[in-house]
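Undergrad: Structure provided below as structure tokens; questions to follow.
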Amino acid sequence: MMRSTCTACWAVADRDETTMKTPGPGFDSLGQDLRRLLGSAKVKTDPEDLLAYSSDATRYYAQGNPQAVVLAGCVDDVCQVLKYANRQEIPLTPRGAGSGLSGGSTPIRGGIVLDMKRMNKILEINKGNMTARAESGVVLANFHRAVEKERLFYPPDPQSMDVCTLGGNVACRAGGPRGVKYGTTPNYVLGLEAVLPDGSVINTGGISVKQANGYNLTQILTGSEGTLAVITKVNLRLLTLPPGRKTAVIVCDSPQIAAELVSRIIYEGAVPAVLEYLSVGAIWLMNSYCPIPVALDGQAYLLLELDGSPALIEEDLEKIKGLSSQMKAREVKVIADEKQAAGIWKARKNLSPLILRIYQKSISEDVTVPRDKIAQMVKAVSEIGAQLGITTGMSGHAGDGNIHPGVQIMEVTPEAERKAEEAIKLIIEKGLELGGTVSGEHGIGLHKSAYLIRELGRDQIELMKRIKYAFDPRGILNPGKIWPDEQS
Ligand SMILES: Cc1cc2nc3c(=O)[nH]c(=O)nc-3n(C[C@H](O)[C@H](O)[C@H](O)COP(=O)(O)OP(=O)(O)OC[C@H]3O[C@@H](n4cnc5c(N)ncnc54)[C@H](O)[C@@H]3O)c2cc1C
């Protein structure tokens, strides 16, 4: 079942060749063995350290019980620890910042957590080729700052950018608000250095912007959620930094108007860099954080950022104003004051923590629907909430159909949890019925694994398992993820 509380089990008996066998001889002396291999400073086994690595940002769903944490400092550390884990058949969970929202880096089978954050060097920014090469533990916001200094632009912008790592972004196919115009992480990955479970190092792809060199292993690893290899370096494509930006808020009298306007704006070619759908409740929460609040005079809002040359921005803005008026939106407010615009975007980035100021628990889903089905999805989510008597809401990256339906619980009780669980199930089923996908950007990990088979069918899951076996025949890498045990 989705969101089960998983107890950390070391070994899982006789499932298939991709599952763990009984622990190897290194089990009792895991910490000692790892210290011998890598030195004491890189190995943690104290209970309080292990607790900090027991889950990703979804701690309230499931926690694992790792026996050791390795802080990798270089590729050779990664090779050594993988070789050892593979030989001893010890589960190993790669981890970036642990900001994931799918349980991806939660070590549900215990074993070793491999923390990649110390591998945080930007190795090259090549202006001539407009590419960069970096270690996988680089924090995304630091990478943004470094390339922007060179007037270059790396669009992927998950809202966790101040903590999440490039490796985690690649492993989850992370997206973000700018996905509507610029696409998501996979659109920028040209090549990877990765370590296979037997300790061998592969370099996939390259730094050419066009590649037709056999099976695209770069993209197989992109989105593999730490189940096939450990990514140690990434080669990323860059764009030119847009010369200007402008923020606008479209105020609508109903969520339906806002949702329909999204499709229309994009169809008419006035594609903003960011096009976020925000409920009135979301704006109310954001206002508590904004130095200059947005007037609460509508029922649903679209928050836009247009970028490009000043002339192009003005042209797109005029087009958007015209469409908004045709579609009976109440008003388009251009936020001319840069401080106010920055405040609004900062509040948007912090919307998830702001929700937790009010509610004890908030579940943010990332089921994603085709853009022309957003209006139906918005309606369905609110009906599901009403039917179950639970708070639901939607706020997110509407421009690409990824509007993050959410369920909020004011006071956590078993009954509220049960209703939330039911609401999430119905929301995901509705998303699939509308032709959507169970995950637009967070990945499958643990929490979506029960639903993937409904979207892809058994044949595709079986094929994925054969790919897993080709990379990781002993099944040591991040076991228990992407498909649930009963499908193993
Ligand atoms: C407040 C908040 C806002 C968020 N907003 C967004 C958003 O807008 N868009 C979005 O897409 N996500 C968002 N996320 C989710 C999360 O931040 C992303 O999924 C991010 O890509 C995870 O990166 P990480 O470094 O924290 O990876 P982790 O959480 O540590 O790991 C994620 C997965 O990647 C694997 N992994 C990590 N590093 C490696 C590696 N080097 N090699 C192989 N596998 C690896 C792990 O095993 C795991 O399966 C948000 C999360 C929070 C808490």
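Undergrad: If Asp77 passes every condition in (1) within 26 Å of Ile207 (Cα to Cα); (2) part of a strand (DSSP E or B) but one, which one does it miss?
TA: If we test Asp77 against (1) within 26 Å of Ile207 (Cα to Cα); (2) part of a strand (DSSP E or B), just (2) comes out false.
Undergrad: Related question: Looking only at residues that are part of a strand (DSSP E or B) and touching a helix residue (DSSP H, G or I) at 6+ places or on another chain (Cβ under 7 Å) in the stretch 121-138, which one is nearest to the ligand (Cβ to nearest atom)?
TA: Ala134
Undergrad: Next up: Does Leu228 satisfy the criteria of being crowded, with 17+ Cβ neighbours inside 10 Å, without any contact (Cβ under 8 Å) to a residue 40 or more places away in the chain and not polar (S, T, N, Q)?
TA: For Leu228, the condition - crowded, with 17+ Cβ neighbours inside 10 Å, without any contact (Cβ under 8 Å) to a residue 40 or more places away in the chain and not polar (S, T, N, Q) - is not met.
Undergrad: Could you grab the pairs with beta carbons closer than 7 Å, sequence gap of 6+ or different chains, first residue in the stretch 422-437 and in contact (Cβ under 8 Å) with a residue 60 or more places away in the chain and closer than 12 Å to Gly385 by Cβ, second one charged (D, E, K, R) and crowded, with 18+ Cβ neighbours inside 10 Å?
TA: The qualifying pairs are Ile424/Glu365; Ile427/Glu365.
Undergrad: Can I ask one more? Checking Ile265 against (1) assigned to a helix (DSSP H, G or I); (2) under 24 Å from the mean Cα position of the chain (by Cα); (3) of a type outside the set (Ser, Thr, Tyr), which test does it fail?
TA: (2)
Undergrad: Additional query: Test Gly475 against the criterion of being within 27 Å of Arg59 (Cα to Cα), of a type outside the set (Phe, Trp, Tyr), modelled with pLDDT of 95 or more and over 17 Å from the mean Cα position of the chain (by Cα), and give yes or no.
TA: Considered against the rule, which asks whether it is within 27 Å of Arg59 (Cα to Cα), of a type outside the set (Phe, Trp, Tyr), modelled with pLDDT of 95 or more and over 17 Å from the mean Cα position of the chain (by Cα), Gly475 comes out as yes.
Undergrad: Quick one: which residue in Ser325, Ser263 is polar (S, T, N, Q) and without any contact (Cβ under 8 Å) to a residue 24 or more places away in the chain? I'd like the intermediate steps shown before the answer.
TA: Working: Ser263 fails: without any contact (Cβ under 8 Å) to a residue 24 or more places away in the chain.
One residue alone meets the criteria, Ser325.
Undergrad: Confirm whether Asp115 is within 12 Å of the ligand (Cβ to nearest atom), free of Cβ contacts under 8 Å to residues at least 40 places away in the same chain and either among the acidic types (Asp, Glu) or surrounded by fewer than 18 Cβ atoms within 10 Å (Cβ to Cβ) (or both).
TA: no
Undergrad: In addition: Just one of Asn216, Asn235 is within 15 Å of the ligand (Cβ to nearest atom) and more than 17 Å from Leu92 (Cβ to Cβ); which is it?
TA: So the residue among Asn216, Asn235 that is within 15 Å of the ligand (Cβ to nearest atom) and more than 17 Å from Leu92 (Cβ to Cβ) is Asn235.
Undergrad: For the list (1) more than 16 Å from the ligand (Cβ to nearest atom); (2) under 20 Å from Asn402 (Cα atoms); (3) surrounded by 18 or more Cβ atoms within 10 Å (Cβ to Cβ), I need the number of the one condition that Arg264 fails.
TA: Among (1) more than 16 Å from the ligand (Cβ to nearest atom); (2) under 20 Å from Asn402 (Cα atoms); (3) surrounded by 18 or more Cβ atoms within 10 Å (Cβ to Cβ), the lone unmet condition for Arg264 is (3).
Undergrad: Can you name the number of the only condition in (1) over 13 Å from Ile250 (Cα atoms); (2) touching a Leu at 6+ places or on another chain (Cβ under 8 Å) that Leu302 fails?
TA: Here Leu302 clears every test but (1).
The values are calculated or read from the model by the stated rules, or taken from the named source; none is laboratory data. Fair warning: this is a prediction, and the values are worked out from it, not measured in the lab. Positions of Cβ are backbone-derived with ideal geometry, glycine not excepted, and every protein chain shown enters the neighbour counts.
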